[in-house]
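Everything on this sheet refers to the single structure shown next.
The values are calculated or read from the model by the stated rules, or taken from the named source; none is laboratory data. A quick note: this is a predicted structure, and the numbers were derived from the prediction, not measured. Neighbour counts are summed over all protein chains in view; Cβ atoms, including those assigned to glycine, are modelled from backbone coordinates with ideal geometry. Calculation scope for accessible area: heavy atoms of the full protein, side chains included, ligands and nucleic acids excluded. Shrake-Rupley method; radii C 1.70, N 1.55, O 1.52, S 1.80 Å.
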Amino acid sequence: MTSILPMDSVRETARILSNARKVVILTHIAPDGDAMGSSLGLMHYLQSLGSAASVSIIVPTLYPDFLAWMPQADTVVVYEKDAALSNHLLQDADAVICTDFNEPKRIGGLGGCLLAVLQTRHTPCILIDHHLHPADFADVVFSYPESPSSCELVYRLICDLSQLAGYPLFNRPLNLPAATCLYTGMMTDTGNFSFNSNRADMYEIVSGLVRVGVNKDAVYNSVFNAWSADRMRLVGYCLYKKMIIIPEYHAALIFLTRKELYRFNFRSGDAEGIVNMPLQIRDICYSCFMREDKVMPADIPFAGGSRRKVKISMRSQGDRPVNEFCHSVFNGGGHMNASGGEFYGPIEQAVELFMQNYAKFFLKE
Ligand code: 5GP
Ligand code: MN
């Protein structure tokens, strides 16, 4: 595997981590497979080094049920459940690693704590991410928007660290739990290798992970074939009752109110993938999914006076960016074909905003 990470950044990472006794790993709100995989993969690797360092992972909000099987997922600290412990761990850390997010806003209320810790305690911070436009808050930045997943970047970093001269501490092969976690994120962020998945070196990494012992069929089953009946019914309801098609612009919109979510006993992760479904319709190239969400205390600075929040997800195909739309209309952003944003107010207003703006951004042909 040819190395793509800058050697001085790898060396600086080795220096920071070899001096740290308490490492904290942070990842984004509503953690997905790549967020959990990159954090847990790193943790399993660091724990295998035999150093005295303790490693903790803090996530802003709970991970979905279909990721609960991941090795040591149950040790992850959830900020929305235990803010005091999260703050304590962060303040006490002597190195922070941020994975799979590009700006402090993406970790909700933890963002404020992180910035305060970095400013007041000068805790060294390493960012490993594949989103555009990383904010300037970390000391070492591995930012590769062209990388399909953060897990792939973590794999590359671990490879480089394990071969680094002068740091025998890191000279360990990847263990099976770490490999399984990294494979999970590579799989989920490419839709089981169905998009962002044309680079040959990605399969070299998959091959390396399978060689370590990853059971990729079992990972697929754990993640994708683990639905509740309520989740299946929610998807059926969305497609049958709630999908609005705008044929001239090749677009589809689905939105769900809190009342509808409640009816289907909505749990974190149940909406995962709904936004992708309309793209399976011939001639649909843009898809938007909106759902009402709770306003967390962590969101209050962003929420203004509103008690209501709408989470927006968008997907598109080919040369049809949705990140510009999300940025301009919903104060968000993301990748060209997968973006998101937020709206503070009633969902009907968010739908209205969508309807007023799509023609300015979407291609007719
Ligand atoms: P998802 O639709 O899976 O929640 O998010 C898809 C992608 O859109 C994420 O990987 C992230 O890059 C981006 N994204 C989602 N929500 C937001 C948001 O509120 N703000 C920004 N800047 N990006 C977002
Ligand atoms: Mn990711």
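Using a Gaussian network model of the chain with C-alpha springs under 10 Å, which one of Leu118, Leu26, Leu110 is most mobile by mean-square fluctuation? Top of the fluctuation ranking is Leu118. Between Asn331 and Leu115, the contour length at 0.36 nm per residue exceeds the alpha carbon distance by 75.7 nm.
Please give the helix 347-361 orientation as an angle from the longest Cα principal axis of the chain, in degrees from 0 to 90, rounded to the nearest 10. Taking the Cα atoms of the chain, the angle to 347-361 is about 90 degrees.
Between Leu169 and His133, full extension at 0.36 nm per residue minus the direct alpha carbon distance yields a gain of 9.7 nm. Using a cutoff of 8 angstrom between alpha carbon atoms and counting only pairs six or more residues apart, the relative contact order for the chain works out to 14 percent.
On the basis of the beta-carbon distance and an R0 of 30 Å, Asp94 and Ile4 show a calculated FRET efficiency of 0.60.
The Cα-based radius of gyration and maximum Cα-Cα distance (Dmax) for the chain are 20.3, 62 Å.
For the stretch 170-234, which whole-number percentage of the solvent-accessible area (1.4 Å probe, protein heavy atoms only) is attributable to carbon and sulfur atoms? Carbon-and-sulfur percentage of accessible area, whole number: 51.
Taking other residues whose beta carbon is less than 13 angstrom from the beta carbon of Tyr358, and scoring Lys, Arg as +1 and Asp, Glu as -1, yields 0. Given R0 = 35 Å, the distance between the Cβ atoms of Ser51 and Arg267 translates into a calculated FRET efficiency of 0.40. Placing unit charges on each Cβ (+1 for Lys and Arg, -1 for Asp and Glu) gives the chain a dipole about its Cα centre, and among Tyr183, Ile246, Pro134 the Cα reaching farthest toward its positive end belongs to Ile246.
Largest GNM mean-square fluctuation across Leu115, Leu42, Leu62, computed for the chain with C-alpha springs under 10 Å, falls on Leu115. Multiplying the residue separation of Glu352 and Asn225 by 0.36 nm and removing their Cα-Cα distance gives an extension gain of 42.2 nm.
Which of the residue pairs Lys81/Lys241; Lys259/Lys309; Lys81/Lys105 have a Cα-Cα distance greater than 24 Å in the structure shown? Beyond 24 Å: Lys81/Lys241. Rounded to the nearest 20, the Cβ-based charge dipole of the stretch 7-223 about its Cα centre (Lys and Arg +1, Asp and Glu -1) stands at 460 debye. In this simple spin-label approximation, Arg233 and Lys81 carry label points 7 Å from Cα along the Cα→Cβ vector, and these lie 2.6 nm apart.
Seen against the Cα atoms of the chain and their longest principal axis, helix 33-47 is set at about 10 degrees. Between Lys22 and Ile244, the modelled label-to-label distance comes to 5.0 nm, taking each label 7 Å out from Cα in the direction of the beta carbon. The 1.4 Å probe gives accessible areas that order Thr120, Thr190, Thr180, largest first, as Thr120, Thr180, Thr190. Each of Leu157, Thr2, Leu40 was scored by the projection of its Cα onto the charge dipole of the chain, and the greatest displacement toward the positive side belongs to Leu40; charges sit on the C-beta of Lys, Arg, Asp and Glu.
With respect to the chain, whose longest principal axis is taken over its alpha-carbon atoms, helix 150-162 is tilted by about 10°.
Spin-label model, Asp217/Ile300: points 7 Å from Cα along the beta carbon direction are separated by 5.2 nm. Only Cα pairs under 8 Å and 6+ residues apart enter the sum, and on that basis the relative contact order of the stretch 7-223 stands at 24 percent.
Report the local net charge at Cys125: Lys and Arg +1, Asp and Glu -1, summed over other residues whose C-beta lies under 14 Å from its C-beta. Net local charge, Cys125 excluded: -3. Once you order the gyration tensor axes a ≥ b ≥ c over the Cα atoms, which shape class does the stretch 229-361 get: rounded for a/c under 1.5, otherwise prolate or oblate by comparing a/b with b/c? Oblate shape, in that a/c is at least 1.5 and b/c is the bigger or equal ratio.
Which residue fluctuates most in the GNM of the chain (Cα springs below 10 Å): Ser313, Ser162, Ser328? In this elastic network of the chain, the residue with the biggest mean-square fluctuation among Ser313, Ser162, Ser328 is Ser328. Hey, any idea what % of the stretch 1-139's accessible area is carbon plus sulfur with a 1.4 Å probe? Heavy-atom surface of the stretch 1-139 belonging to carbon and sulfur, 1.4 Å probe: 50 percent. Counting only protein heavy atoms and a 1.4 Å probe, the stretch 229-361 has 51 square angstrom of accessible area per residue.
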